[in-house]
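Engineer: Would you mind keeping the following structure in view while I ask a few things?
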Amino acid sequence: MGYRFASLWTKVDALVYLVRGGVDLHATDSDGYSISRTAYAQNGIWGDSQSGDVWDAVLTELGHDISEFRGDHLRKAEYSRFYTPADFKRLWQGKEHRCPYYDEDELSCLLDNWETVYLPVLRRRWELECREGLDSDDGLDSDDGLDSDDGLDSDDGLDSDDGLDSDSSSDGGVQLDGVET
């Protein structure tokens, strides 16, 4: 099983081990991309923000300033079936004050509504993708097989009363596996 399928904590432990072992945090690959740029690339392996969040947690754990590495890579919270708001909360537990984009109100809203609002929307999307062979970048159209009372609307994929204010969020909003709130 490779890094991609490793648990969140295995990834954290592996990265802490490498950084403590002296890995050059400013090293670049043959295309000139730094470790940080790769970690912060949106729509990572699972279409979520896990890699950047893990990288930030590791840097913070080892006393580094996230802003030095984030630069102009703004965080956009993205969650999926493989990386949930609960995972994010556990990742930063006890060091919330050191995370510049930790928003307890937004996170509480996501956690309170994850099972009843957001996860059902994601499950419907995953089912459609499996059945119809859609990739995660395809939008849902009127032929998606969902009734009009499915919780999806044409603008953002969620009911307008979802309780999130993506315009004022310090992290740029929340993305749920291709469904932006």
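Engineer: So for each of 82-90, 61-69, 115-123, 18-26 I average, over its residues, the number of other beta carbons within 10 Å; can you give me the resulting order with the highest mean first?
Structural biologist: The packing order, highest mean first, is 82-90, 115-123, 61-69, 18-26.
Engineer: List the residues whose amide H sits under 5 Å from the amide H of GLU78, counting only those 5 or more places along or on another chain, with H placed 1.01 Å from N in the peptide plane.
Structural biologist: SER49, GLN175
No value in this document is a laboratory result; all are computed from the given coordinates. A quick note: this is a predicted structure, and the numbers were derived from the prediction, not measured. Please note: Cβ atoms are built from the backbone with ideal geometry, for glycine as well, and neighbour counts cover all protein chains shown.
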